[in-house]
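First up is the structure itself, then whatever we jot down about it.
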Amino acid sequence: MSFTILQPSRILFGRGLAAQAVGLARGFGPRGVLVHGANPARVAAVLGALGPDTLALCCAREPTLAMLEAALSTVRPFHPDWVLAIGGGAVLDFGKALAAMIPAPGELMDHLEIVGKGLPLAAAPLPFLALPTTAGTGAEVTKNAVIGLPDHGRKVSLRDDRMIARVAIIDPALTDGCPWPVTLASGLDAVTQVIEPYVSVKATPYTDAISLPAIAPGLRALMRLQYGEDTSARDALAWTSLCGGLALANAGLGVVHGFASVIGGTTGAAHGAICGALLGPVLAMNRARATDQARARLEQVCAILAEVLDCPNEQAPAALSSWAHGAGLARLSSLGVAASDHAALATAAQSASSSRGNPVALSNLDLCTILEQAG
């Protein structure tokens, strides 16, 4: 038994703990960058408390190479001591990438996977602090930032172990009142991210311990939130999201996320919505092709889903998809994926970094079948 655990040096989980962000950020120095989402009013109080030595940057959509290059030209001359990001997964990825690249002597393309050189960072990132306002991506505890390259039709990662946040504050109160479509998509991403690491070929005893027990509570919480606000459900979903982030950072993911990186890059569709549409079909195909320990783990996952969804084990993947679409989740065709794109998407997904963790090797035909079922 041999494995490494990579996680932030400090994780705070609980309602009201977001209030500690200002003091913790100032502990890294007087000058900083605050990255926020489309609505600056959500961080006005934090920005006011941080004072004039803080530069605010807006990230209103999923980050692209052009967005980051433009932001770096503004931020580098400011010479910040730290970066604090408050928002959804896109905001956290944007802040994480800025923290990594502000001290870096090279260009972004030197370090991006697949489309770039994939070189390790030449300088240590600035201290990064993360406060998620959605329960889904787990980006507050991961070592990569997902960057869109529209010209390449891909989303790829900037990745380095040192990009892990120094401080991650998960305050479920920040997710209260999140609109149902966002809650559904991000929540299905959270559930996916405690399933894929558990069945991953890179799974460890650590990732097993935090991923498997979080599947049922996360899905139950999401199903409760369909009918209205529920504080305990928000808390449970935030916990599942945190567990998923820690698990994927240490055990990788699978074909769901391999597809998501490609489909998101070509369509611009929301990451969580793509993952939610694919999860059931990928589970079904993996179970059909897997043997031995991989099959046993997939059966465990399906048994958990079947109990929550009140269906036979063999019907669990289809029942999950049926519930999600009935709750308002779009199918892939509505997200911009045409049948004529399936073959190219399947080929691209096979080379995606996330697909390396899939519990079984799937053929191009298998992958096209998944897309048809999710379409």
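Which of the residues belonging to the stretch 237-246 are more than 11 Å from the chain's Cα centre (by Cα) and either buried (at least 24 other Cβ atoms within 10 Å of the Cβ) or not in a helix (DSSP H, G or I) (or both)?
LEU237, ALA238, THR240, CYS243
Determine, yes or no, whether VAL167 is among the β-branched types (Val, Ile, Thr) and under 21 Å from SER351 (Cβ atoms). Give the steps one after another, and end with the answer.
Numbers: among the β-branched types (Val, Ile, Thr): yes; under 21 Å from SER351 (Cβ atoms): no.
Spelling it out, it is not the case that VAL167 is among the β-branched types (Val, Ile, Thr) and under 21 Å from SER351 (Cβ atoms).
Could you list all residues from the stretch 129-147 that are within 10 Å of the chain's Cα centre (by Cα) and either assigned to a loop (DSSP other than H, G, I, E, B) or among the charged types (D, E, K, R) (or both)? Before you say what the answer is, go through the steps one by one.
The initial filter retains those residues of the stretch 129-147 that are within 10 Å of the chain's Cα centre (by Cα), namely 135-142, 144-146.
Selection gives ALA135, GLY136, THR137, GLY138, GLU140, THR142.
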Of the residues in the stretch 191-219 that are more than 16 Å from the chain's Cα centre (by Cα) and closer than 15 Å to ALA303 by Cβ, the one that is most open to solvent (accessible area, probe 1.4 Å) is PRO213
Here the residues within the stretch 177-210 that are without any contact (Cβ under 8 Å) to a residue 40 or more places away in the chain and either in a helix (DSSP H, G or I) or among the hydroxyl-bearing types (Ser, Thr, Tyr) (or both) are ASP208, ALA209, ILE210
With criteria (1) in contact with a Gly (Cβ under 6 Å, 6 or more places away or on another chain); (2) open to solvent by 10 Å² or more (accessible area, probe 1.4 Å); (3) outside any helix (DSSP H, G or I), VAL35 comes up short on (2)
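Tally up the residues in the stretch 59-77 that are open to solvent by 40 Å² or more (accessible area, probe 1.4 Å), touching a residue at least 24 places away in the same chain (Cβ under 8 Å) and under 24 Å from VAL22 (Cβ atoms), please. Quick ask: steps written out before the conclusion?
Quick first cut of the stretch 59-77, residues open to solvent by 40 Å² or more (accessible area, probe 1.4 Å) only: 60-62, 66, 69-70, 73-74, 76-77.
Within this subset, residues satisfying the condition of being touching a residue at least 24 places away in the same chain (Cβ under 8 Å) are 61-62, 69, 76.
Restricting the remaining residues to those that are under 24 Å from VAL22 (Cβ atoms) gives 76.
Residues in the stretch 59-77 being open to solvent by 40 Å² or more (accessible area, probe 1.4 Å), touching a residue at least 24 places away in the same chain (Cβ under 8 Å) and under 24 Å from VAL22 (Cβ atoms): 1 in total.
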Residue count, the stretch 15-32, condition within 14 Å of VAL167 (Cβ to Cβ) and part of a loop (DSSP other than H, G, I, E, B), comes to 3
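Would you tally the residues in the stretch 337-360 being in a loop (DSSP other than H, G, I, E, B) and within 22 Å of SER157 (Cβ to Cβ)? Walk me through it before giving the result.
Narrowing the stretch 337-360 to residues in a loop (DSSP other than H, G, I, E, B): 337-338, 351-352, 358-360.
Add one more test, that the residue is within 22 Å of SER157 (Cβ to Cβ), and what stays is 337, 351-352, 358-359.
Residues flagged as in a loop (DSSP other than H, G, I, E, B) and within 22 Å of SER157 (Cβ to Cβ) within the stretch 337-360 amount to 5.
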Residue check: is GLY153 modelled with pLDDT under 90, over 26 Å from PRO172 (Cα atoms) and buried (at least 24 other Cβ atoms within 10 Å of the Cβ)?
no
Listed by first then second residue, the pairs whose first member lies in the stretch 22-43 and is at positive phi and touching a residue at least 40 places away in the same chain (Cβ under 8 Å), whose partner is part of a loop (DSSP other than H, G, I, E, B) and surrounded by fewer than 24 Cβ atoms within 10 Å (Cβ to Cβ), with beta carbons under 7 Å and at least 6 positions apart or on separate chains, are GLY29/ASP81
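The values are calculated or read from the model by the stated rules, or taken from the named source; none is laboratory data. This is a predicted model, so every value here is computed, not measured. With ideal geometry, Cβ positions are generated from the backbone for all residues, glycine too; neighbour counts draw on all protein chains shown. Each accessible area value is taken on the protein alone, full model and side chains, heavy atoms only, with ligands, DNA and RNA left out. Shrake-Rupley method; radii C 1.70, N 1.55, O 1.52, S 1.80 Å.
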